[in-house]
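The values are calculated or read from the model by the stated rules, or taken from the named source; none is laboratory data. Owing to the predicted nature of the structure, the values given are computational and were not obtained by experimental measurement. Neighbour counts run over all protein chains shown; Cβ positions are idealised from the backbone, glycine included. Calculation scope for accessible area: heavy atoms of the full protein, side chains included, ligands and nucleic acids excluded. Shrake-Rupley method; radii C 1.70, N 1.55, O 1.52, S 1.80 Å.
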Amino acid sequence: MTDSKTPLLDELEKGPWPSFVKEIKQAAEKKPAAADLLNQLELSYKDRIGHWKHGGIVGVKGYGSGVIGRYSDRPDLFPNVQAFHTMRVNHPTGWFYKTDALRKLCDIWDKHGSGLTNLHGSTGDAILLGTTTEHLQPCFDDLSEAGFDLGGSGSALRTPSACVGPARCEWACIDSLDICYQATMTLQDQIHRPMFPYKFKIKVSACANDCVSAIARSDLAIMGTWKGRIQVDPAEVRAYADAGLDIRGEVCDLCPTKCMEWSEADRTLVIHDGDCNRCMHCLNVMPKALRPGKERGASILVGGKAPIVQGSLLSWVIVPFMKLEPPYTELFDLIARIQDWWDENGRSRERLGELINRLGMRHFLKAVGLPAVPQMVKHPRTNPYVFFWPEEIDKKEVK
Amino acid sequence: MAKTDIGPPDYKQFLPPIIRDNYGKWRYHEIVRPGVLKHVGENGDVLYTVRVASPRLLSTDHIREICDLAETYCDGFLRFTSRHNIEFLLADEHRVAPLIEELQAKNYPVGGTGHSITNMVHTQGWVHCHTPATDASGPVKAIMDELYDHFTHMDLPAHVRISLACCLNMCGAVHCSDIAILGIHRTPPRPDNSRLPNVCELPTTVASCPTGAIRADMKNKTVQVNDEKCMYCGNCYTVCPAMPIADPDNDGISIWVGGKVSNARSAPMFSKLAIPFLPNNPPRWPEVVAAVKNIVEVYAAHARKHERLGEWIERVGWERFFTLTGIAFTDKHIDDFTLATETFRTTTQFKWG
Amino acid sequence: MSAEIKERVLAYFREKSKGDKKMFYIKDVVKGLPDVDRHAVQAAVKELLDEEVLKYWSSGSTTYLMLAENFPKDA
């Protein structure tokens, strides 16, 4: 160990959790760029600062998105990472792969890049980590040949993402994968040619468990839900009780609306569906016994984002229930109206939620043609600064 | 000329036959052991999923090894999760045990299901970001080494989602995590007046600042930063590499707790500040690891079954959270951004701690 | 019609790029041609991008537009 050039990083090869240092070292056996990445990272560990600079390179003909330009601030020491750009590759919806496709990605990246990837980046894309400016176009050409395309970056629609949905989940109330895929295909131009005030994210979760963090992380969240009664299989409810589940303690008492009663005497579960807010807790605990209701669709929420610039926001309900069946015309028309209002009124680097906050929800609703409903608010306003539309005021002629 | 706008490959071609047959027709699932899901279709078909952790940063050769495993055991079908786990999808129950045996022999952690700590969502850090206030992969590795048993066992009151973003731009949006680890800068960028006139465009640099803290100094062809207004986002460094923000002694990590994204029981919640600053102490960030472990242990000892970290804190009260964890409460914990007053207590209903 | 809008977009970039500022938001360009429909301006910008008269410059989170001749050389 004494002759190692990376004594600090070597420490992170120890321990049971998979080591990213091993990954970089494995790539470094073939790739000088990965070797210099390792060496530069060791310097960062020594200096306790990063050693990358940004560059505005986009690099793929016809696109303004999908490449993040990165340069070393110590090219004198690490010439093989002088340019070390990222390519974002739009992942297959739901992150499903067959190995032949993954192997193709690997071969392309060994040919053009550092041999290092992220599976996957935060937005969902497969991240190809580190290549030179000259390789961007040829790499894209090979990706395209293999059936892959780049994802979004900058002031664009970012790569939409979806939970596993009906492919492997009994709770799926909508076809999250198909909706996401259709949105991705329909909105290709928005992904590749940034023309918006800032980024725009669409995420699709097929139930309220929200496995892709749509409410927290997307400007437009599509959340599967249902109307009507939770489907109950009374025999399976009893089977859970027989197996030792404390239905009163673990299900009824934790229900946020207290809409369920468990009768120990006759071993039945009564659900007052009118009180239910479809939070998913009881279904999560008893998946065999309880299922979503039969009339299924989605709630649409908008405005979610991380802090930059004006603070984090969670998305707000704007459509309590929308049926979602192909070709999803109502949904895509609504998205178009929302984006158009934002594009028209938003300032540069102003996210949708911040714009609604600045101009007022009522203006947003009027512009996109949605009626105000109580599901949109936690409670009505408490301040008296109420504004009426001009047409709502009885204007008397001045005599 | 390459074709553009073809979009991602159609996911349907990557669905294993059992998923195609049971698409939208799953009846229920069980977690048969940590890391193993059993989904049962309405027609009685059974699909097994074996979930393992990845370090997110993967070499192509490692991906090929994962492909080898998927070809041996799953006819080449696999998927990744939104939290960087790998899921092997098996229609044949008899292959589950041999797959797990081989995975464990190759040091893949099998787990991350149910009431466990699953893989950490994280950002690039010093590996590839230009404005990081800390590394990402290093702290994640150090923390998950320590919390490893909580990945492979489902021994917590509820899910615990830990996430790390290496600066407040949060390209990995961590703001709704049970435990969020957030890199923070504490000093403004420093314009390098000798280089700046040559490498930066003044109007763009000025415009890049979201808080209007940068003023052009036309006479000297450089810029000045108003320290009072700067919130250390590093956006100016993005467009102007002659104003570095990295500061080894003052950059570090803050810890936030009690967020969640799911709607189960309680509504989605933001994470709230627990520890304003811990130093960057590579290679293993012992202060950060100890702090996270402490929060997890206190939570595990006190929360009720199914109660997420934030739900537990809401029940017992933040004042008790600080007492139980021994974390110091400071003036940094009291909000002074917009709408801060909504977080101030307006009742005499509080606990003594 | 669209050729005329392209001309005016280009003229906007030429005029505005005379000073220190070389990078512009799409919103700046739209504002610079207040009598033209926003969508038409965007379409014209896209054509100029395709012709590589204009280029994108991306901070990763935000995208700017500039004349190709002003695009910075590799860092």
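In this structure, B:E342 qualifies as open to solvent by 30 Å² or more (accessible area, probe 1.4 Å), modelled with pLDDT under 95 and in a helix (DSSP H, G or I).
Considered as a group, the residues in the range B:174-185 that are more than 12 Å from chain A (Cβ to nearest Cβ) and farther than 23 Å from B:C230 by Cβ include one that is surrounded by the most Cβ atoms within 10 Å (Cβ to Cβ), and that residue is B:D178. Here the range C:9-24 is the region considered, the condition is being surrounded by fewer than 16 Cβ atoms within 10 Å (Cβ to Cβ) and away from chain B (no Cβ under 14 Å), and the residue that is farthest from B:V239 (Cα to Cα) is C:A11. Taking the criterion of being more than 23 Å from the chain's Cα centre (by Cα) and over 30 Å from A:R74 (Cβ atoms), the residues of the range B:227-271 that qualify are B:E228, B:K229.
Among the residues making up the range A:112-130, a single one is more than 9 Å from chain B (Cβ to nearest Cβ) and either surrounded by fewer than 24 Cβ atoms within 10 Å (Cβ to Cβ) or more than 20 Å from A:V58 (Cα to Cα) (or both): A:H112. Return only the number of the condition from (1) modelled with pLDDT of 95 or more; (2) within 10 Å of chain A (Cβ to nearest Cβ); (3) surrounded by fewer than 18 Cβ atoms within 10 Å (Cβ to Cβ) that C:K27 does not satisfy. Status for C:K27: all satisfied but (3). Per the listing B:R83, B:R79, B:R95, the residue uniquely more than 10 Å from chain A (Cβ to nearest Cβ) and of a type in the set (K, R) is B:R95. Within this structure, A:L355 passes the test of being closer than 30 Å to B:C230 by Cβ, among the hydrophobic types (A, V, I, L, M, F, W, C) and out of contact with any strand residue (DSSP E or B) (no Cβ under 8 Å at 6 or more places or on another chain).
The set of residues in the range B:36-58 being closer than 30 Å to A:E29 by Cβ and either open to solvent by 10 Å² or more (accessible area, probe 1.4 Å) or under 21 Å from the mean Cα position of the chain (by Cα) (or both) consists of B:R51, B:V52, B:A53, B:S54, B:P55, B:R56, B:L57, B:L58. For B:A70, are the conditions met, namely being at the interface with chain A (Cβ under 7 Å from one of its Cβ atoms) and at pLDDT below 95? Considered against the rule, which asks whether it is at the interface with chain A (Cβ under 7 Å from one of its Cβ atoms) and at pLDDT below 95, B:A70 comes out as no. Only one entry of C:K55, C:K73 meets the criterion of being of a type outside the set (G, A, S), open to solvent by 50 Å² or more (accessible area, probe 1.4 Å), in contact with a helix residue (DSSP H, G or I) (Cβ under 8 Å, 6 or more places away or on another chain) and within 26 Å of B:V206 (Cα to Cα), and that entry is C:K55. Taking the criterion of being part of a loop (DSSP other than H, G, I, E, B) and among the polar types (S, T, N, Q), would at least one residue in the range B:273-291 satisfy it? Scanning the range B:273-291 turns up at least one residue that is part of a loop (DSSP other than H, G, I, E, B) and among the polar types (S, T, N, Q).
Pairs linking a residue in the range A:95-111 that is more than 7 Å from chain B (Cβ to nearest Cβ) to a residue that is surrounded by fewer than 23 Cβ atoms within 10 Å (Cβ to Cβ), with Cβ atoms under 6 Å and 6 or more positions apart or on different chains, are A:K104/A:A146; A:I108/A:D142.
Residue by residue, here is whether (1) surrounded by fewer than 21 Cβ atoms within 10 Å (Cβ to Cβ); (2) within 26 Å of B:M170 (Cβ to Cβ); (3) within 11 Å of chain B (Cβ to nearest Cβ) holds:
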site: A:K288; (1), (2), (3): yes, no, yes
site: A:E295; (1), (2), (3): yes, no, no
site: A:V302; (1), (2), (3): no, yes, no
site: A:A306; (1), (2), (3): no, yes, yes
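Candidates A:C173, A:C207: the one that is at the interface with chain B (Cβ under 10 Å from one of its Cβ atoms), part of a loop (DSSP other than H, G, I, E, B) and more than 27 Å from A:R349 (Cβ to Cβ) is A:C207. Looking only at residues in the range A:47-66 that are in contact with a Gly (Cβ under 8 Å, 6 or more places away or on another chain) and not hydrophobic (A, V, I, L, M, F, W, C), the one that is most open to solvent (accessible area, probe 1.4 Å) is A:G59. In the range A:161-168 there is at least one residue that is under 24 Å from B:L15 (Cβ atoms), basic (K, R) and in contact with a strand residue (DSSP E or B) (Cβ under 9 Å, 6 or more places away or on another chain).
Every condition in (1) outside any helix (DSSP H, G or I); (2) of a type in the set (S, T, N, Q); (3) surrounded by fewer than 15 Cβ atoms within 10 Å (Cβ to Cβ) is met by A:Q310 except one, and the failing one is (3).
Considering the range B:1-35, and only residues there that are more than 8 Å from every other protein chain (Cβ to nearest Cβ), of a type outside the set (S, T, N, Q) and open to solvent by less than 10 Å² (accessible area, probe 1.4 Å), the residue that is farthest from A:G151 (Cα to Cα) turns out to be B:G35.
In the range B:186-267, counting only strands (runs of 3 or more DSSP E) that sit wholly within it, the ones holding 3 or more residues that are open to solvent by less than 10 Å² (accessible area, probe 1.4 Å), under 24 Å from B:H122 (Cα atoms) and more than 10 Å from chain A (Cβ to nearest Cβ) span B:252-257.
Considering the range A:133-154, the residues that are without any contact (Cβ under 8 Å) to a residue 60 or more places away in the chain and within 14 Å of chain C (Cβ to nearest Cβ) include one that is surrounded by the fewest Cβ atoms within 10 Å (Cβ to Cβ), namely A:E134.
To keep it simple, each residue is scored yes or no on (1) more than 22 Å from B:G7 (Cβ to Cβ); (2) basic (K, R); (3) at pLDDT 95 or above; (4) surrounded by fewer than 23 Cβ atoms within 10 Å (Cβ to Cβ).
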position: A:I174; (1), (2), (3), (4): no, no, yes, no
position: A:C180; (1), (2), (3), (4): no, no, yes, no
position: A:D189; (1), (2), (3), (4): no, no, yes, yes
position: A:A221; (1), (2), (3), (4): no, no, yes, no
position: A:D233; (1), (2), (3), (4): yes, no, yes, yes
position: A:D242; (1), (2), (3), (4): yes, no, yes, yes
position: A:C252; (1), (2), (3), (4): yes, no, yes, yes
position: A:L269; (1), (2), (3), (4): yes, no, yes, no
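Within the range B:145-160, how many residues are farther than 13 Å from B:G114 by Cβ, more than 8 Å from every other protein chain (Cβ to nearest Cβ) and either open to solvent by 20 Å² or more (accessible area, probe 1.4 Å) or among the β-branched types (V, I, T) (or both)?
Adding up the residues that qualify gives 2.
The residue of the range A:22-46 that is nearest to B:A246 (Cα to Cα), among those that are at the interface with another protein chain (Cβ under 8 Å from one of its Cβ atoms) and open to solvent by less than 20 Å² (accessible area, probe 1.4 Å), is A:S44. Of all residues in the range A:72-102, those satisfying the criterion of being closer than 12 Å to C:G60 by Cβ and either open to solvent by less than 20 Å² (accessible area, probe 1.4 Å) or part of a loop (DSSP other than H, G, I, E, B) (or both) are A:H85, A:T86. Residues that are within 9 Å of chain A (Cβ to nearest Cβ), part of a strand (DSSP E or B), under 12 Å from the mean Cα position of the chain (by Cα) and at pLDDT 95 or above: does the range B:162-173 have at least one? Within the range B:162-173, one or more residues are within 9 Å of chain A (Cβ to nearest Cβ), part of a strand (DSSP E or B), under 12 Å from the mean Cα position of the chain (by Cα) and at pLDDT 95 or above.
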